[in-house]
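Values in this text are rule-based calculations from the coordinates and carry no lab data. Since we're looking at a predicted model, the values are computed, not measured. Cβ: placed from backbone, ideal geometry, glycine included. Neighbour counts: every protein chain shown.
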């Protein structure tokens, strides 16, 4: 290591404390090891700060809105102040609404439910299913996978140029791929959408935990993200952005809290006056603990400083990419190329290995948790692999001979709570498995590869 590299490493921030950092797991080969959680892209561990904040509030938990008691009043203040914190975290405009949902998937389905009549939706086939599938009741144009950020903008502009310029339209795009980790040109795509009279929603599920997301700077109309990827796994998500489409539609869910006034009519029916505020789409008892945990995570990441967090994550990305590049049998998946900026999400295949078998061996023999499969982004992974959508893989013997196409992939992902040792162990494990093979026998059980007893 050079002097300059050593100095740079010393300047990096330490990992943020997360729950589970000291958990040990058994190995099939004997003994135990500290668990290396490298599946952040699916669900990140809770920040210790978030857990402590939730634990401190828990004894004061009460009903939100309309309760007369002290705990109810305190919980209501906590809930609404959390809305302010999230708005600040996202750089919302003064008239934007912050709506609390269950997840990114829930947020985008909510937006799909409030689209104006005859709205056209434009979405790349490279999206996660959460942003690919909710638009079934709209006129949807699925755009082919681009191979450069510039091609993504050109593809969108060409598609928008052919649409009715006077009708409503929405573009849905990810901020960072949940498969490759690559950053998408959100600001440029937003400019293209607005130039053609369309609006744009940003799926920030993979972006918000790794980079600052500013609605005004990116000039997007809405942002959606999940708490469980933002170190706040307590069952809440966010949809934030322009209020007009949200206020003009029927509530996403009908029920208590969404209504301002309900009255029986003489003919036996019911008249309902709905709220114009975010409460319109937050029917039912709110998940105040989930909402507060998101606000706590927003504060923790802001106070830690994204500049430091990004620098440290790039340091970890370099370790993983350099380690994988040293193993000829490993192919890292990429849409935009090796030089594309990315977050800590890397997918790859190993020549001659079944991906489920490889991931199972990482867990059982090294105590490393990764993910294998198609990552709820089937069209994108199939495009990157060049594989048949009807193909199925099995565990045990390698699914494909060396040189043949893989049927699915392995994903390693990490973030603010990941120590160097975890990614170093991962690189060492990949190298040893490819060189020496698995040390245990594996079998298929309920579609998953597991160690044989």
Would you mind ranking 102, 342, 439 by Cβ crowding within 10 Å, fewest neighbours first? 439, 102, 342
Angle between the chain longest axis and helix 186-195 axis [Cα atoms, degrees, rounded to 10]: 40 degrees
Of the listed peptides 219-225, 74-80, 269-275, 347-353, what is their order by residue-averaged count of other C-beta atoms within 10 Å, with the highest listed first? 219-225, 347-353, 74-80, 269-275
How much FRET efficiency would the formula 1/(1 + (r/R0)^6) give for residue 154 and residue 42, where r is the Cβ-Cβ distance and R0 is 30 Å, rounded to 0.05? 0.40
Whole-Å distance, taken between Cα centres, linking segment 51-77 and segment 326-369: 44 Å
What's the center-to-center distance, using Cα atoms, between segment 186-258 and segment 109-131 in Å? 12 Å
If you take Rg/Rh (Cα atoms, Kirkwood Rh) from the coordinates, which of (1) 0.99; (2) 0.96; (3) 1.32 do you get? (1)
Over segment 67-154, calculate the relative contact order: mean separation of alpha carbon pairs under 8 Å at least 6 apart, over the residue count, as a percent. 20 percent
Taking neighbour counts of Cβ atoms within 10 Å as a proxy for exposure, in what order, fewest first, do 432, 182, 282 appear? 432, 182, 282
Got the relative contact order for segment 49-303 handy, in percent, Cα pairs under 8 Å and 6 or more residues apart? 25 percent
Given the convex hull over the Cα atoms of segment 49-303, what projected area results after averaging over all orientations, in nm²? 15.1 nm²
Summing -39500 (n - 2.57) over every DSSP H run of at least 4 residues in the chain and dividing by its residue count gives a helix-only mean residue ellipticity at 222 nm, to the nearest 500 deg cm²/dmol, of -10500 deg cm²/dmol
For a quick protection proxy, order the peptides 413-421, 109-117, 64-72 by their average other-Cβ count within 10 Å, most packed first. 413-421, 109-117, 64-72
Relative contact order of the chain, pairs being alpha-carbon contacts under 8 Å that are 6 or more residues apart, as %: 21 percent
In nm, to one decimal, how far is the residue 378 label point from the residue 339 one, both placed 7 Å along Cα→Cβ? 3.6 nm
When a footprinting reagent is the concern and you count Cβ atoms within 10 Å, what order do 327, 238 take, fewest first? 327, 238
